[in-house]
Number of protein chains: 2
Amino acid sequence: MPLAEKALIARIRRQVSRSAAVRIGIGDDCAVLRIPVGHEALVTTDFSLEGIHFRRDWHSPESVGHRCLARGLSDIAAMGGQPIATFISLALPRGTPQRWIDGFSRGLLALAKKWSITLAGGDTAESPAGILADVVVLGSAPKGKAILRSGARPGDFIYVTGKLGGSAATLHRLMKNPRSKLALRDFPSHFFPEPRLEVGRILREKNLATSMIDLSDGLSTDLSHICDESSAGAEISAEAIPLAAIGRPATKVKLDSALHGGEDYELLFTASHRKKIPSQIDGIPITRIGRITGNKKIVLLNKGRASELKPRGWEHFTR
Amino acid sequence: MPLAEKALIARIRRQVSRSAAVRIGIGDDCAVLRIPVGHEALVTTDFSLEGIHFRRDWHSPESVGHRCLARGLSDIAAMGGQPIATFISLALPRGTPQRWIDGFSRGLLALAKKWSITLAGGDTAESPAGILADVVVLGSAPKGKAILRSGARPGDFIYVTGKLGGSAATLHRLMKNPRSKLALRDFPSHFFPEPRLEVGRILREKNLATSMIDLSDGLSTDLSHICDESSAGAEISAEAIPLAAIGRPATKVKLDSALHGGEDYELLFTASHRKKIPSQIDGIPITRIGRITGNKKIVLLNKGRASELKPRGWEHFTR
């Protein structure tokens, strides 16, 4: 094991807070964890690869660490679950600066601390090219209560949390001017997205949502996943979609960023039209953007015109 | 998502067998799994990187798929646990042949089937360089019964399953003659190692082992992990170490391969000297190789001479 890896593991082992749920963390063949009685386990895993999901000249190490973990926490949020622990597999090219590793750990552990989860294990290796991180998040939800993608029914209304398109619009700005140095804190939806764990939990506890997914690939793609898994269609209104504002002074993003841009990590959910959905949950605005239909197509209504909305999946910046 | 990835996911989704423990597998934000009542969850995660852990000219895709999963299953075995599900994050360079992907899936799914576990999720991405796989295995063990590394006590005897050094000796043969084409089935300990899940389970059920680890990094290193976590030392006898035989005709490996070579995926465990340990468990030979001491050093006895055995951690073939 190269020295940088050993130092990383030692550092992480010192810094991680232990919780009662994690009986054995780093330092054995497996982590040993307690799932709350009456709960099912939730598991999600996400790659974050240098050159595909982040660039060292655009993303600070703190942002990379934060985003790696935010992706997994957002998947737990989309089930209405609670996170318990995370596991990081990290492959570093020879000569990765210690400063980078420290910043990455700081970003990741700060978010872990915010949600009271333990870094309970992982793996390290030498990378043949670029920094590679695979992040697993383990969580739980009461038996049978996790909110699935497959529960949407024709007539349900469609909602999103927060504002959309901010992350993709930030990326487009970087792609246009690859050498620009953005003030990261003015573009939080891209550099420090907040997983909507509280909103997800409340929707599950109050039995409000019939289906849910997080907006990681973009509204058009993620809504198509809901429709596919629920054997349904949807009709959404362009005017209703809440557009993010980014930068300073803040400027509103274009509709296309909100329709097709990924990595906002907001929640997309459906609810019976008979349920009253609050306009805010946990301080996050909730916006109705359309309804589920029975005809297996996704239709976008824009200024009185209807057109079919095709999933234009999130393409990362190297494609 | 590139076509190759989509095809892979579709193929895997068709091929995986579902089990009652996996309520929701591939196709939602998280997998939803049931941990048996009264059990704790076990989680392990392992990277397998092209050029570090395998080479496409040496390892068939079936072998790579098998070995990826065997590593995680072996960690579950080392806790005395039972596996439930696996998750694969796979990053493929553009243009990875469909034949390779099919072979990889075959190798992995055959081993998954053998142990009745479900491929319940994962992630796919385009790799900037080489094939990258991160494999998570989720398992369980009865509450408080997982066998840890930290339970060895001075006076305990030290045992290993199977024969050691076969995997490393195979690798040395390939490194000496990089273009040689080995008959993979004559070198199973390297190309198709068998995780010792049954042995681990029986040791746990019969309450035989005080500590356990799997031999992934090599005896000298893995024994040092047991000693570190147990705040103890050890004394082992070179003559007692069961040496593997590889190839056809089979030839015995050198002591060094058995002492320091990794990736045998046998089990190393300790047991009270008062416990009777069978000479075979589940058809696998069990060999006593030494005893735990109180002085925090590892001593190798060889032909009447005692020398300190330093951990010479498993170095992969690119280092």
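Only one of the numbered conditions (1) small (Gly, Ala, Ser); (2) more than 14 Å from every other protein chain (Cβ to nearest Cβ); (3) assigned to a loop (DSSP other than H, G, I, E, B) is violated by B:SER307, and that is (3). Based on what the data block shows, is B:GLU40 facing chain A (nearest Cβ under 8 Å), in contact with a strand residue (DSSP E or B) (Cβ under 9 Å, 6 or more places away or on another chain) and modelled with pLDDT of 95 or more? Criteria met by B:GLU40. Is it the case that some residue within the stretch B:68-84 is part of a strand (DSSP E or B), surrounded by fewer than 24 Cβ atoms within 10 Å (Cβ to Cβ), within 11 Å of another protein chain (Cβ to nearest Cβ) and β-branched (Val, Ile, Thr)? No, because not a single residue in the stretch B:68-84 is part of a strand (DSSP E or B), surrounded by fewer than 24 Cβ atoms within 10 Å (Cβ to Cβ), within 11 Å of another protein chain (Cβ to nearest Cβ) and β-branched (Val, Ile, Thr). Suppose the filter is within 14 Å of chain A (Cβ to nearest Cβ), surrounded by 22 or more Cβ atoms within 10 Å (Cβ to Cβ) and in a helix (DSSP H, G or I); does B:GLY139 pass it? No; evaluated as a whole, the condition is false for this residue. For the stretch B:258-301, residues that are of a type in the set (D, E, K, R), touching a residue at least 24 places away in the same chain (Cβ under 8 Å) and farther than 17 Å from B:ILE241 by Cα total 4.
Inspection of the stretch A:200-221 identifies at least one residue that is out of contact with any Lys or Arg (no Cβ under 7 Å at 6 or more places or on another chain), small (Gly, Ala, Ser), within 14 Å of chain B (Cβ to nearest Cβ) and within 30 Å of B:VAL43 (Cβ to Cβ).
Please specify each residue of the stretch B:43-62 satisfying the condition of being assigned to a loop (DSSP other than H, G, I, E, B) and either at the interface with another protein chain (Cβ under 7 Å from one of its Cβ atoms) or buried (at least 24 other Cβ atoms within 10 Å of the Cβ) (or both). Once the filter is applied, which keeps residues that are assigned to a loop (DSSP other than H, G, I, E, B) and either at the interface with another protein chain (Cβ under 7 Å from one of its Cβ atoms) or buried (at least 24 other Cβ atoms within 10 Å of the Cβ) (or both), the stretch B:43-62 yields B:GLY51, B:ILE52. If we keep just the residues of the stretch B:17-36 that are modelled with pLDDT under 95 and more than 7 Å from chain A (Cβ to nearest Cβ), which is surrounded by the most Cβ atoms within 10 Å (Cβ to Cβ)? Only one residue tops the list, namely B:VAL22. Taking the numbered list (1) more than 13 Å from every other protein chain (Cβ to nearest Cβ); (2) outside any helix (DSSP H, G or I); (3) of a type outside the set (A, V, I, L, M) in turn, B:GLY65 passes all entries but (2). Considering the conditions (1) touching a residue at least 24 places away in the same chain (Cβ under 8 Å); (2) under 24 Å from B:ASP256 (Cβ atoms), B:GLY200 is excluded by exactly one of them, (2). Within the stretch B:89-109, the set of residues being in a strand (DSSP E or B) and touching a residue at least 60 places away in the same chain (Cβ under 8 Å) comprises B:LEU90, B:LEU92.
Can you confirm whether the stretch A:149-162 contains a residue that is under 29 Å from B:ALA133 (Cβ atoms) and of a type in the set (Val, Ile, Thr)? No: zero hits. The residues listed here are B:ALA244, B:ALA250, B:ALA240; of these, the one that is of a type outside the set (Asp, Glu) and buried (at least 22 other Cβ atoms within 10 Å of the Cβ) is B:ALA244. Looking across the stretch A:85-117 at every residue that is touching a strand residue (DSSP E or B) at 6+ places or on another chain (Cβ under 8 Å), closer than 16 Å to A:LEU197 by Cα and crowded, with 21+ Cβ neighbours inside 10 Å, the one that is farthest from the other protein chains (Cβ to nearest Cβ) is identified as A:ALA112.
Checked against (1) out of contact with any strand residue (DSSP E or B) (no Cβ under 9 Å at 6 or more places or on another chain); (2) surrounded by fewer than 23 Cβ atoms within 10 Å (Cβ to Cβ), B:ALA168 passes all but condition (2).
The number of residues in the stretch B:207-231 that are closer than 14 Å to B:ALA271 by Cα, over 18 Å from the mean Cα position of the chain (by Cα) and in contact (Cβ under 8 Å) with a residue 40 or more places away in the chain comes to 5. Do we have any residue at all in the stretch A:288-308 that's among the hydrophobic types (A, V, I, L, M, F, W, C) and surrounded by fewer than 16 Cβ atoms within 10 Å (Cβ to Cβ)? Yes, there is a match, as at least one residue in the stretch A:288-308 is among the hydrophobic types (A, V, I, L, M, F, W, C) and surrounded by fewer than 16 Cβ atoms within 10 Å (Cβ to Cβ).
The values are calculated or read from the model by the stated rules, or taken from the named source; none is laboratory data. On a predicted model such as this, the values are computed, not experimentally measured, just so you know. Note that we place each Cβ from the backbone using ideal geometry, even for glycine, and neighbour counts take in every protein chain shown.
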